[in-house]
Structures are given as C-alpha cells and as structure tokens.
Amino acid sequence: MKKQLANIITGLRIVCSLLILVFPAFSVWYYSLYITGGVTDVLDGAVARGLKTESDFGDKFDTIADITFSMAVFLKLVDLIIVPNWTLIWICVIILIKFSSIIVSLTAIHRFISIHSVLNKITGFYVYFMMFTLGIDIPWKIKYVLIIAACIISTLAAVHEAYCIFMGGPQNIDEAMDRVERMEVIFDKLGDLIYEADHNVIDDDLITRYKAFQPKVRELERYYSSRDWKNDFKLDEQGKFPQYFKKGVLSEDGLYNALDRNKELREKIGR
C-alpha cells in the first residue's frame, strides 16, 4: 500500500478527469473535481519523493494523468470559450507538439521522456489558475488576453521540451542515461563501503573488499573529471532526464565528498 500510494493519488486525478466531463462547467461539482485534480498533481510527486517510491511507471502514469486531466478540461470548456477559431487551432498545435515529443521519445530514444523544466512548471501553474477566471463574471476581452498569454507560455514550454528531445539528440540522451546509470551503481556501492568502514570495525574482509573495489572507484574518478560528467550535469540542469531517474552521481558535492572520503580511507587502509 505504501509503495503504491503515489500511484493511487495519480489514479484519482484520472477519475476526476472522467467525472469532470459529467458535471456542468463551473458548477460546484466541477470546481471540486478540478481543485482535487490539481491537488493530486502536486501531492503524488511529493509523496513519491517522500516515501522514496519514485519509478519509471509512476513517471509515465503521472504524465498520462496530466494529459487526461488537461484534455478533459479542454473538451468541457471548448464550446464555452468565446475566442476566434485560430486561437483554438493554436491550442491544437500546442497539443500536437506535446504528443510529437512523447512519440519521438518512445520511438527514437526508447524511453519515456517527460521534461520537468521550470518553464513547464510555470506553464502548468499559470494555466491551472487561469482556468478559474473563465467562470468569473468579467469581460471576455480580459479572459481572451489571459487565454492568449496561456497560449504563448504553453507554446514556449512545448517548443522547449521538443527542442530538448529533438535537438538535444535522442542518441546523446540515451547514452547519457546509460552512463549515469552505470556510474550510479559504482557511486552507491562506494557509499555502502564508506558507511560500513565508518560504522563498523575495519577487519580483513572489509579491507579485501575495499581494495578490490578501487578499480571501479578510479573509473568513477575518471568520469567525474571528464567532459562526460560535465555534459551529463548540463543535461540534468536542462531537465532532460525523467523525474524518476536516479542521478545522485550528478550531485557535485555528494560525489566530491564520497571521493574525498575514499581517498582518506585508502590512505588509512593502504592501497
């Protein structure tokens, strides 16, 4: 139950999406479901991180729930939005760009890539709260300006995400993820050995295992001082890795401290 709690919360957003289509727009039930859907969008990620149950499936499920929720709201309000047809076409183009990014990530990279960039988060925040204004009794000219602003921000976010996937190079992202995953295994094992040395008696067995692992540590040291680490770190800063993706090795302070502590133990134990 604990492991699936975040996914259950995400599933609740899909339920809200389906029920939104049933109730009248801007009714009490509509707003209740809309608010609940927004809360689950924030809560599922926080729960997954808090319980350390982040996963590939959870990341995919979250994106599917986001798409379902957005499409349900769009379909519910499309007939009520008083805007020119070209604005609706613009919205459809944004949706097409988002779906194209997903298709390319699945077909070219063979991974489900969901870019959790700052721009995407700003877009989600703005669009979510902007939707409340559509049910308020204010001039449609003001609402139209807010919708245009939403389209502009959404376009920038969608194009940025597509750029990260298309122009960032599917092969480069795939190779980077494989490399980080390989280094992450070494990084975790080194952390376990350091913890064991710091909290237990350093006996012959630990010394033997520690010395035998040093070739792998040297591989990690070469990676940290290489262009590959800098490129992978940059990709992470640009949000090109999935949110669930484990990448502690890209924590500059964390990796530096581990390698520095390894050097101290190596001098203490002997090469």
Say whether the condition of being in contact (Cβ under 8 Å) with a residue 60 or more places away in the chain, part of a loop (DSSP other than H, G, I, E, B) and either of a type in the set (Ser, Thr, Tyr) or assigned by TED's automatic domain parsing to the domain that holds LYS52 (or both) is met by at least one residue in the range 196-215. no
Of the criteria (1) within 19 Å of LEU193 (Cα to Cα); (2) surrounded by fewer than 14 Cβ atoms within 10 Å (Cβ to Cβ), which one LYS234 fails: (1)
Residue count, the range 36-60 (criterion: buried (at least 16 other Cβ atoms within 10 Å of the Cβ) and farther than 12 Å from GLN243 by Cβ): 8
Where TYR128 falls short, out of the listed (1) under 18 Å from GLY239 (Cα atoms); (2) in a helix (DSSP H, G or I): (1)
Go through (1) modelled with pLDDT of 90 or more; (2) among the basic types (Lys, Arg); (3) within 30 Å of LEU80 (Cβ to Cβ) for LYS189 and report which single condition fails. (3)
If you go through the range 176-186 one residue at a time, do you hit one that is in a helix (DSSP H, G or I), of a type outside the set (D, E, K, R) and within 30 Å of ILE89 (Cβ to Cβ)? no
Selection from the range 237-267 of residues part of a loop (DSSP other than H, G, I, E, B) and over 24 Å from HIS199 (Cα atoms) yields GLN238, GLY239, LYS240, PHE241, PRO242, GLN243, TYR244, PHE245, LYS246, LYS247
Examine the range 26-38 for a residue that is of a type outside the set (S, T, N, Q), farther than 28 Å from VAL145 by Cβ and part of a helix (DSSP H, G or I), and state whether such a residue exists. yes
So, in the range 154-165, exactly how many residues are farther than 17 Å from GLU237 by Cα and surrounded by fewer than 18 Cβ atoms within 10 Å (Cβ to Cβ)? 3
Name the residue that is farthest from TYR34 (Cα to Cα), counting only residues in the range 71-89 that are surrounded by fewer than 18 Cβ atoms within 10 Å (Cβ to Cβ) and touching a Ser or Thr at 6+ places or on another chain (Cβ under 9 Å). ILE81
Selection from the range 19-35 of residues of a type outside the set (Phe, Trp, Tyr) and either buried (at least 20 other Cβ atoms within 10 Å of the Cβ) or free of Cβ contacts under 8 Å to residues at least 24 places away in the same chain (or both) yields LEU19, ILE20, VAL22, PRO24, SER27, VAL28, SER32, LEU33, ILE35
Close pairs from the range 63-81: first closer than 11 Å to CYS16 by Cα, partner of a type outside the set (Gly, Ala, Ser) and modelled with pLDDT of 90 or more, Cβ under 6 Å, at least 6 apart: ALA65/THR10; ALA65/ARG13; ALA65/ILE14; THR68/ILE14; PHE69/ARG13; ALA72/ILE20; ALA72/LEU21
One residue from LYS189, LYS240, LYS216 being surrounded by 14 or more Cβ atoms within 10 Å (Cβ to Cβ) and under 18 Å from ASP174 (Cα atoms): LYS240
Quick check on my filter: what residues within the range 90-124 are over 30 Å from ILE138 (Cα atoms), surrounded by fewer than 13 Cβ atoms within 10 Å (Cβ to Cβ) and at pLDDT 90 or above? LEU96
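Restricting attention to the range 222-271, which residues are among the acidic types (Asp, Glu) and farther than 16 Å from LYS189 by Cα?
ASP228, ASP232, ASP236, GLU237, GLU252, ASP253, GLU264, GLU267, listed by residue number.
The values are calculated or read from the model by the stated rules, or taken from the named source; none is laboratory data. Keep in mind it's a predicted model, so treat the numbers as computed, not measured. Positions of Cβ are backbone-derived with ideal geometry, glycine not excepted, and every protein chain shown enters the neighbour counts.
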